[in-house]
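A short write-up of the structure that comes next.
The values are calculated or read from the model by the stated rules, or taken from the named source; none is laboratory data. Please read these numbers as outputs of a predicted model, since none were measured by experiment. Here the Cβ is made from the backbone with ideal geometry for all residues, glycine too, and neighbour counts use every protein chain on show.
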Amino acid sequence: MTNVAEAPYPTYRLIPSRFPPIGLFDMVATPADLSAVMDLVGWTNDRLVASRIARLPQQEWVYGRPNASIVMAAFLHVSPAGMRFNSPDLGAWYAASEIETAAAEVGHHLRREAVARSLPELTRVYRSYSARLTGAYLDIRGQQAERPNVYAPDRYEASQQFGEAIRRAGDAGIIYDSLRRRGGTNVVAHRPTNVLDVTQADHFEIRVPAVGHRIDVRKLTA
């Protein structure tokens, strides 16, 4: 079964507040200016970042608009193991249709970090971004039985191959069921230029114990 759908609107993404919103891509006007600024600040000395931006066609670079750096960072600063629908070679923009689902997703990974670091619990502050995602997305919601390898809870080999095939085909990305919050919806956008109207919103403190399933979320006041 192959279904295509528009992404939910709005979508929400949580980013650890320890990563400042660096405005490298926000202020430049042309790709040439961007290359010069990247050289100036040493980004091209980072071989991983340099190789990733080389893999991203120049017409898909996002620059010269608010929070462009937040978008580009999702594609250029990637987990060493990749994520569910992208390999370590190039990142993607992951978001959820509900802020509660976004919190459940980051809480899951925060718990895995606590276990890996042998900590009884872990707390981190995140800032949220809302965005509008354009394009037609492959919709695989309700297909967990049909696509068990793609939906494997903690193994990404099959899902990364699946996601990268979507990217190579030139498609926008994938809408899929959250495995961390029943009834939640996630979306991955493989094209930076499809991530529009990115707006910073609330901050949240998220605390998880290493053992169990509890996720404590506290909205922080301004």
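Computed quantities for the displayed model
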{"quantity": "Count of residues meeting criterion [assigned to a helix (DSSP H, G or I) and either under 15 Å from the mean Cα position of the chain (by Cα) or under 18 Å from SER17 (Cα atoms) (or both)] in the range 101-123", "calculated": "13"}
{"quantity": "Leading residue by the ranking (surrounded by the fewest Cβ atoms within 10 Å (Cβ to Cβ)) among those in the range 67-86 that are outside any helix (DSSP H, G or I) and in contact (Cβ under 8 Å) with a residue 60 or more places away in the chain", "calculated": "ALA81"}
{"quantity": "Options ASP89, ASP154: the member that is assigned to a loop (DSSP other than H, G, I, E, B) and closer than 23 Å to ASN194 by Cα", "calculated": "ASP89"}
{"quantity": "Of all residues making up the range 16-65, the number that are surrounded by 11 or more Cβ atoms within 10 Å (Cβ to Cβ), part of a loop (DSSP other than H, G, I, E, B) and either modelled with pLDDT under 70 or of a type in the set (Gly, Ala, Ser) (or both)", "calculated": "7"}
{"quantity": "Unique residue being modelled with pLDDT under 95 and small (Gly, Ala, Ser) when the list is GLY184, GLY170, GLY135", "calculated": "GLY170"}
{"quantity": "Some residue of the range 195-202 being closer than 30 Å to GLY64 by Cβ, surrounded by 15 or more Cβ atoms within 10 Å (Cβ to Cβ), over 17 Å from the mean Cα position of the chain (by Cα) and in contact (Cβ under 8 Å) with a residue 40 or more places away in the chain", "calculated": "yes"}
